1. Go through the range 57-77 and give me each residue that's closer than 29 Å to S18 by Cβ, open to solvent by 70 Å² or more (accessible area, probe 1.4 Å) and either touching a residue at least 60 places away in the same chain (Cβ under 8 Å) or assigned to a loop (DSSP other than H, G, I, E, B) (or both).
2. Given (1) within 22 Å of Y78 (Cα to Cα); (2) at pLDDT 95 or above, where does F302 come up short, assuming only one miss?
3. Hey, can you tell me all the residues within the range 160-187 that are farther than 19 Å from T110 by Cβ, open to solvent by 10 Å² or more (accessible area, probe 1.4 Å) and either out of contact with any Leu (no Cβ under 9 Å at 6 or more places or on another chain) or of a type in the set (G, A, S) (or both)?
4. Would you be able to tell me the number of residues in the range 308-356 that are surrounded by fewer than 21 Cβ atoms within 10 Å (Cβ to Cβ) and either among the polar types (S, T, N, Q) or not in a strand (DSSP E or B) (or both)?
5. Examine the range 40-50 for a residue that is in contact with a helix residue (DSSP H, G or I) (Cβ under 9 Å, 6 or more places away or on another chain) and within 29 Å of R344 (Cβ to Cβ), and state whether such a residue exists.
6. Among the acidic types (D, E) and over 24 Å from F164 (Cβ atoms) - does that describe any residue in the range 40-48?
7. Determine, yes or no, whether A271 is touching a Leu at 6+ places or on another chain (Cβ under 6 Å) and surrounded by fewer than 16 Cβ atoms within 10 Å (Cβ to Cβ).
8. Across the range 224-265, which residue is nearest to the chain's Cα centre (by Cα) among those that are modelled with pLDDT of 95 or more, open to solvent by less than 60 Å² (accessible area, probe 1.4 Å) and of a type in the set (D, E, K, R)?
Amino acid sequence: QPDAAPMDGIYFSRGAWSGMLHGYVVTATGDSEGPRGGGDTFTESMFMAMAQRALGGGTLGLRAQASLDPWTMDKDGYRLLLQSGETADGHEHLVDRLHPHPALMELAATWSRPLGTHGSVFVYAGLPGEPALGPPGFMHRYSGLDTPEAPLGHHWLDATHITFGVVTAGWTHRNLKLEASVYNGREPDQHRKDIELRRLDSWSARATWNPDPHWSLQLSRGELDSPEQLAPEVSVTRTTASAMHHRALANGAQWQTTLAWGRNRKQDAGATDAWLLESALGWQNGWTAFGRAERDEKDELFEHHDPLHGVPFAVSRITLGAVHDFARIGGGRLGVGAQASVHRVPAAIEPAYGGDPSSWLLFVRWNLSGTAMAH
C-alpha cells in the first residue's frame, strides 16, 4: 500500500501490545441481464485483528481474518457475470459466479528485526496466509473495498490472498521491499469451513517500491503447482505488476487509484491477461464514489464438455457506483450504496450472454470503524 493510504479500524494498546480491529458486513441485492443473468441476494463479511509487540530484539506480529460467508452465502457464492474460478461441488467449475470466502481467511505470525539504520529482515508464516504474489487484495485496498464485488481478474491478480500454508522471508531497505514465499498452490476447495493441509509445492517472489508516500509499485511472479482442484495436472505461472497512488486532498477527501496487470500461463497452453483500473474518492461527509474498468481474457467461461472450453475470449466490464455512510451503530458506520455495470463480450459468445448484458446492485454496509490511520 502507499504509505499515505489510511487503514480504517479500531486501534488499541494494552501493556506491551498494540493492535487494530477491522471488519465489515455487506448485504446486497441485484439483477443482471441475459440467459446467464438473474436476480441474486447475498451477504458477505470479513473480520480482521492485528496485534504486535517487541520481542527478541525485533517485533512480533499476529494476524487473523475470518468470514461468515460459509453460513450467509450459498456454496456457489453470488452471481457475477464473466467471473470464473474454483468450484462449489467438486465437479463443475464456477462460471458467472464468485465463490464464498473460507471461514478462516488468515491465521499468521510475523517477526521482523532491524538491520542497520534503514533496513530490516522479516519472516511470515500462515495457515492460512498470503504469499508474496500480486497487489493487495481487493478488500484491503482503498480503491477497491467499497464495491461488494470482486474484480473479474481476481484469479489473475490477488486470489492467493487466502492460501492454506505459506512461509515468506523478506528484506527491506528504506522504501524497497524484496520477499519470497513457498506455499501451497492449490486454491481452497468447496469445503469452506475447514483448514486444508497440503505440502508447500509452489513459490513466488515480489519486489515492492514506494518512491514516496503517495505511490506503491510492485512486480511479482509465482509458480503455482496444480492450483485448480478440477485440473490437478495443470500448473500455472502467474506474473503481476501494479501501481497504486493515494492522495489526501485539501478538503480532507481521500483518493486512491490502482492500475494492475496479471498474466496466467498454464502448463502446455498459451497465456491469458487481465487488466484492472479502479479508483475511489471519499469525502469527509460520508460519501464515496468509485469505479472499476476491466479487460480480461477468459478461457473458463464454458464447462469441459463444451467445445468452447479452454478458448480464451476477451471480455470487459465497467462499473460505477457510490456509497453513503450516514450513521454510527455498534462501533461502526452504517451506509447504503448502489452500482451499475455494463459488460462487453465478443460476438462468438453473445448467444450465451444475450448480447452485451448490464447489471445493477444495491447494498447495505456496516464497517467496524474508529480512526483512519495512515500506514
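The values are calculated or read from the model by the stated rules, or taken from the named source; none is laboratory data. Since we're looking at a predicted model, the values are computed, not measured. For neighbour counting, all protein chains shown are included, and Cβ atoms are generated from backbone atoms with ideal geometry for every residue, glycine included. Protein only, heavy atoms only, side chains kept; ligands, DNA and RNA dropped before computing areas. Shrake-Rupley method; radii C 1.70, N 1.55, O 1.52, S 1.80 Å.
1. R63, L68
2. (2)
3. Of everything in the range 160-187, those that are farther than 19 Å from T110 by Cβ, open to solvent by 10 Å² or more (accessible area, probe 1.4 Å) and either out of contact with any Leu (no Cβ under 9 Å at 6 or more places or on another chain) or of a type in the set (G, A, S) (or both) turn out to be R174, N175.
4. 18
5. yes
6. So in the range 40-48, the residues among the acidic types (D, E) come out as 40, 44.
Going one step further and asking which of them are over 24 Å from F164 (Cβ atoms), we end up with 40.
Within the range 40-48 (the criterion being among the acidic types (D, E) and over 24 Å from F164 (Cβ atoms)), the answer is yes, since at least one residue qualifies.
7. When the stated conditions are applied, A271 does not pass them.
8. The residue in question is R238.
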